[in-house]
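This report refers to the structure that appears directly beneath it.
The values are calculated or read from the model by the stated rules, or taken from the named source; none is laboratory data. Please read these numbers as outputs of a predicted model, since none were measured by experiment. All Cβ positions, glycine included, derive from the backbone under ideal geometry; neighbour counts span all protein chains shown.
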Amino acid sequence: MKTYSYLHLGEDIDPDSFVICDYRVTTEMPMEKAAEAIAAEQSTGTWTGITTLNDDVFEKYGARVNKIGKDTVRIAYPVADFSLEVGAVPQILSVIAGNLFGLESIGKLRLEDVFFPKSMLKEFKGPKFGIEGIRKELDRPKKPLVGTIVKPKIGLPPKEFADYVYEAGKGGLTNSKDDETLVDQTFCPIEDRTVAVAEALDRLESEGHKMMHAINISTAGHKILELADKVQSWGAREIMVDVITCGFSAVQVLAEDPSIKVPIHVHRTMHGAMTRDPLHGISMLPITKIVRMCGGDALHIGTLGVGKMSGDPRDHHNLDACLDDITVPYRTVMPVCSGGVYPGIVGRIIEASGFDVQIQAGGGVAGHPGGVMKGAMAMSQAVDAAFEHIPVEEYAKDHEELRIALEKWGQR
Ligand code: CAP
Ligand code: MG
């Protein structure tokens, strides 16, 4: 039986003909063997030589191990390995991020990055709104967006929920959203909540302030489009999808359906199971790239090493993947920095992100001693200070709400 080698080290790989993946590999095996095991499992091979593999199949469809580093490998998968209907994420993921994670012989493995050829990128449409579209809806051309997550994350009935949104808008916030665990519980049915929030947003608009609230429609795959349609008809101005629990295709089906005419806010709850271990899983970067391909308009990317969720300066790659307009043919995605945010850290986040960002605080608004409106004012003031390059403690001298927030939570 013929044995085949998947090693093509240092060869020129045409980026238009391959999907190129960078993996981090922790293994007792020699790196070359580990890399070949991955390339085989994910393309034409298996754990042993097989009589059914021939030169033609191997040459056309075999993955190529292109680079090996101390603990990294680069593997290129021929475009032909992907389903004809290439704009379909499930099959792509099962090639580049499938069985390989379970290979007993390898140890730990992490997909760090992925590069798709133009022919595949063009099968996806990207965001319908993106940064520009969301800014236009909000009449907020330059300043960072500033939002809240209604807290407590579950339990408020529709009226109190909508009152929270109204107060947040009165305090100057441009955005608010449902929390990831809230969809359609009996204490807050989605129809009643959407209608009550729509009334609050209309009232704010009639008083001169434009605001968006993302209604969480994360539900079963066969019901998500219908639910999105319904919440739109009840007045939703934005919808939210938990992309890991619902799947990338949920984002895509919503973004590509012509009946959906509102931006899609993409939450990433459960991503930590894949992204947190620096040696195993899938880093946020490929997730960000695929969300953008599928049409997410805003995406949580972490707080660039500052907030309550684990994260580090590598989050910058995720930010770049939202904003990069050179390598991808889509609109940009609004990066959302959320998780343990409060006024005293807004300046540091904006320093790291720039102004094209949506900064959000749940506890950092609802925990303000003066209540939601003052909490929202303090967050808005912190954003204004950063936008005007004024140190936050300086700005707080004339802004009481901000001063109280700094007293309570401090500053970093
Ligand atoms: C923030 C949040 C978000 C996190 C998730 C929460 O609330 O609503 O779900 O931002 O993390 O429940 O934690 P707080 P990430 O402002 O009260 O922390 O954005 O990193 O996906
Ligand atoms: Mg949350």
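If you go through the stretch 391-411 and keep only what is surrounded by fewer than 14 Cβ atoms within 10 Å (Cβ to Cβ) and part of a loop (DSSP other than H, G, I, E, B), you end up with Pro391, Lys397, Asp398, Gly410. When Lys177, Lys153, Lys143 are checked against the criterion of being under 26 Å from the mean Cα position of the chain (by Cα), modelled with pLDDT of 95 or more, within 16 Å of ligand 2 (Cβ to nearest atom) and surrounded by fewer than 24 Cβ atoms within 10 Å (Cβ to Cβ), a single residue qualifies: Lys153.
Against the test of being in a helix (DSSP H, G or I) and of a type in the set (Asp, Glu), the options Glu11, Glu36, Glu28 yield a single qualifying residue, Glu36. Residues in the stretch 241-257 that are more than 12 Å from Ala88 (Cα to Cα) and touching a strand residue (DSSP E or B) at 6+ places or on another chain (Cβ under 7 Å): Val241, Asp242, Val243, Leu254, Ala255.
When we screen Ala376, Ala321 for residues that are within 25 Å of Gly172 (Cα to Cα) and either away from ligand 1 (no atom under 12 Å from the Cβ) or free of Cβ contacts under 8 Å to residues at least 40 places away in the same chain (or both), the only hit is Ala376. Annotation: of all residues in the stretch 16-48 being more than 9 Å from Ala63 (Cβ to Cβ) and among the hydroxyl-bearing types (Ser, Thr, Tyr), the one that is surrounded by the most Cβ atoms within 10 Å (Cβ to Cβ) is Tyr23. With a requirement of 3 or more residues that are in contact (Cβ under 8 Å) with a residue 60 or more places away in the chain, the helices (runs of 4 or more DSSP H) lying completely within the stretch 176-270 that satisfy it span 248-256.
Of the candidates Gly371, Gly364, Gly302, the single residue that is under 27 Å from Tyr166 (Cβ atoms) and within 16 Å of ligand 2 (Cβ to nearest atom) is Gly364.
For the stretch 289-312, state whether one or more residues are of a type in the set (Val, Ile, Thr), out of contact with any Pro (no Cβ under 8 Å at 6 or more places or on another chain) and modelled with pLDDT of 95 or more. Yes: the stretch 289-312 contains one or more residues that are of a type in the set (Val, Ile, Thr), out of contact with any Pro (no Cβ under 8 Å at 6 or more places or on another chain) and modelled with pLDDT of 95 or more. Scanning the stretch 47-88 for residues that are farther than 17 Å from Ile20 by Cβ and part of a helix (DSSP H, G or I) yields Asp55, Asp56, Val57, Phe58, Glu59, Lys60. Tell me, please, whether a residue that is within 16 Å of ligand 2 (Cβ to nearest atom), part of a strand (DSSP E or B) and aliphatic (A, V, I, L, M) can be found in the stretch 158-174. For the stretch 158-174, residues within 16 Å of ligand 2 (Cβ to nearest atom), part of a strand (DSSP E or B) and aliphatic (A, V, I, L, M): absent. I'd like to check something: does the stretch 317-331 contain any residue that is within 15 Å of the chain's Cα centre (by Cα) and within 16 Å of ligand 2 (Cβ to nearest atom)? No - not one qualifying residue is present in the stretch 317-331. Taken residue by residue, the stretch 341-350 has at least one member that is outside any helix (DSSP H, G or I) and buried (at least 18 other Cβ atoms within 10 Å of the Cβ).
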